[in-house]
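The block underneath contains the structure these notes are about, expressed in structure tokens.
None of the figures in this text is laboratory data; all of them are computed from the coordinates on show. Remember, predicted model here, so these are calculated numbers, not experimental data. Cβ coordinates were reconstructed from backbone atoms using ideal geometry, including for glycine residues, and neighbour counts include every protein chain displayed.
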């Protein structure tokens with residue numbers, strides 16, 4: 001049952017927002033209406049309006065307040081009329097966001113990806129097989145050195161064993177997996193090869209719908225939810241012959257690493273959470289429990305768990321991978337992409353995921369001419385110099401990456417990003433869009449069943465977002481477009497650029513502008529034990545990020561691959577494996 005106006009007022013009081021903004025006008029009169037006549041004689045008053053002026057930073061005189069009374073009372077009735085229409089989480093707004101600016105065309109044509117296949121023989125031990133690359137598994141499957149059913153059984157065993165420590169699985173899809181693996185083996189035995197992912201097992205973040213299985217979004221209110229649909233990314237991987245073996249954990253409603261009453265752990269240090277929100281995807285890949293996994297990012301949900309778990313994460317250009325069938329937080333910021341142990345593996349997966357889908361109105365059709373053999377001298381590589389300045393923990397490892405690029409022929413051109421924007425205010429877009437998508441959750445009071453009830457958790461954000469004035473939301477959108485223009489101009493002379501993952505505003509800016517990135521491990525720092533000594537096994541992974549111009553995912557992945565081709569951080573194995 002949806003909360004009434006009094007209940008909504010009480011929930012706002014809990015976070016100190018009572019009496020501040022236009023939204024509270026709807027609730028301030030609730031108690032008076034409870035005792036009023038049935039015709040609703042008690043409505044918004046000039047006193048209510050005066051109290052609400054604090055939120056918007058404006059002040060009206062008595063005459064102006066009197067003029068506002070009737071209009072605001074009419075608005076209350078209009079809100080109620082809207083709320084009588086049920087909107088599912090995935091219902092799109094009339095406005096369709098695109099990061100593509102006027103005059104900045106999507107690249108067209110271009111060659112298809114050029115893949116190279118490793119020639120290593122199949123390892124004799126299960127662990128070495130589990131940590132093999134997607135490219136290696138693909139070669140062995142196609143050559144019939146190993147079967148999809150063997151791999152599927154292997155990774156299911158590993159997931160079950162490792163999940164006791166990592167808490168990374170919400171639902172196993174074993175029946176579906178074994179059927180898909182048997183079909184893949186039959187097709188491969190007959191010489192019918194669908195492509196690089198044919199027969200390769202994987203996991204998917206449990207915000208992607210899979211028909212016949214629960215889709216919990218990692219949150220208690222949706223723990224029993226089933227959706228009669230399958231997400232576009234899962235459909236694409238089905239078509240590619242990949243084998244879904246589990247739906248992996250995510251922080252509740254795609255924030256953090258806490259789901260239901262569990263915390264997903266990092267295999268590098270199980271005393272730490274795996275970060276999120278693609279927590280299970282990062283942890284399972286790192287531990288060799290799946291060769292690759294699907295994640296999503298709105299504001300760091302691929303980059304952060306990729307960093308914490310020491311894996312590679314690709315956040316694609318906005319609009320190149322369909323989000324149909326995925327839980328929606330923000331129509332203008334949500335992206336879906338792969339997490340794997342290498343940029344090359346991410347490229348293999350991205351190629352299967354990308355492409356238009358009429359069910360996602362924000363889609364574009366961009367080419368993907370990935371070719372790892374082309375020299376780096378052909379790519380204009382920038383360096384976000386100011387982000388590398390100063391003393392920070394990963395500075396030395398970051399310089400190793402820059403040196404590796406220079407040694408391979410890259411000429412690093414200095415660039416700077418527009419950092420004079422109020423990024424916190426612009427990110428209210430995420431708060432407002434997500435609050436809209438979970439409007440019923442807030443009004444019903446079911447948000448109170450979620451485990452995390454802090455200021456850095458969705459229930460609080462959804463409540464506080466009700467108090468963002470519509471005019472300020474639109475102003476933020478207008479300012480965001482200026483940020484997009486300035487960022488486009490800042491990157492005019494480069495194809496990609498390198499930045500520390502969490503410095504210089506890079507993460508916030510490029511999630512607002514829709515630019516692609518590849519986050520890759522480049523250090524494993526010591527972790528102290530309870531006595532203050534370096535732990536003999538536990539480590540704290542760190543990362544660096546390659547970012548690209550819009551729709552230049554091929555260049556972005558190509559440069560990330562070049563870094564990994566010259567280093568071995570991505571081949572390291574965690575103590576929990």
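Brief remarks on what is shown
- Percent of C-alpha pairs per 5 Å bin, the stretch 248-352, short to long: 2, 16, 26, 25, 19, 9, 3, 0
- The stretch 251-300: relative contact order in percent, alpha carbon pairs under 8 Å with at least 6 residues between: 29
- Fully extended contour minus Cα-Cα distance, from residue 150 to residue 224, at 0.36 nm per residue: 23.5 nm
- Highest mean packing first, where packing is the average number of other Cβ atoms within 10 Å per residue, the peptides 146-156, 176-186, 105-115 line up as 146-156, 176-186, 105-115.
- Contact order relative to length of the chain, as percent, for alpha carbon pairs under 8 angstrom and 6 or more apart: 16
- Cβ-derived FRET efficiency at R0 35 Å, residue 194 paired with residue 94, nearest 0.05: 0.40
- As a proxy for reagent exposure, 503, 466, 194 were ordered by neighbouring Cβ count within 10 angstrom, fewest first; the result is 194, 503, 466.
- Taken over the stretch 452-514, the convex hull of the Cα atoms encloses 110 Å³ per residue.
- Ranked by the mean number of other Cβ atoms within 10 Å of their residues, highest first, the peptides 217-229, 54-66 come out as 217-229, 54-66.
- Considered as an equivalent ellipsoid built on the Cα gyration tensor, the stretch 158-214 has semi-axes of 25, 13, 10 Å, the largest given first.
- Estimated 222 nm signal from helices in the chain, with DSSP H stretches of n ≥ 4 weighted -39500 (n - 2.57), rounded to 500: -11500 deg cm²/dmol
- The stretch 343-396 and the stretch 441-517 have Cα centres separated by 20 Å.
- Segment residue 56-residue 211, length gained on full extension (0.36 nm per residue, minus Cα span): 51.3 nm
- The listed peptides 409-417, 433-441, ordered by packing as a protection proxy, come out as 433-441, 409-417 (highest mean of other Cβ atoms within 10 Å first).
- With eigenvalues of the C-alpha gyration tensor scaled by 5 and rooted, the stretch 343-420, Å: 30, 19, 13
- Projected label points at residue 46 and residue 377, each 7 Å from Cα along the beta carbon direction, are separated by 7.8 nanometres.
- For the stretch 268-342 versus the stretch 66-112, the gap between their alpha-carbon centres in whole angstrom: 27
- Beta bridges assigned by DSSP with both partners in the chain are antiparallel in approximately 70 percent of cases.
- Three principal axis extents of the stretch 185-290 based on alpha-carbon atoms, in descending order, are 46, 34, 15 Å.
- Relative contact order computed over the stretch 405-559 (Cα-Cα under 8 Å; 6+ residues apart), in percent: 23
- Inter-probe distance in nm under a simple model that places probes 7 Å from Cα toward Cβ, at residue 470 and residue 528: 5.4
- The residue 406 and residue 478 beta-carbon pair, evaluated with R₀ = 30 Å, returns a calculated FRET efficiency of approximately 0.15.
- Kirkwood Rh in Å, taken over the stretch 37-122 so that all alpha-carbon pairs contribute: 19.7
- Net length gained if the chain between residue 73 and residue 160 were fully extended (0.36 nm per residue, minus Cα distance): 25.6 nm
- Between residue 454 and residue 425, the FRET efficiency from the beta-carbon distance, with R0 = 25 Å, is close to 0.70.
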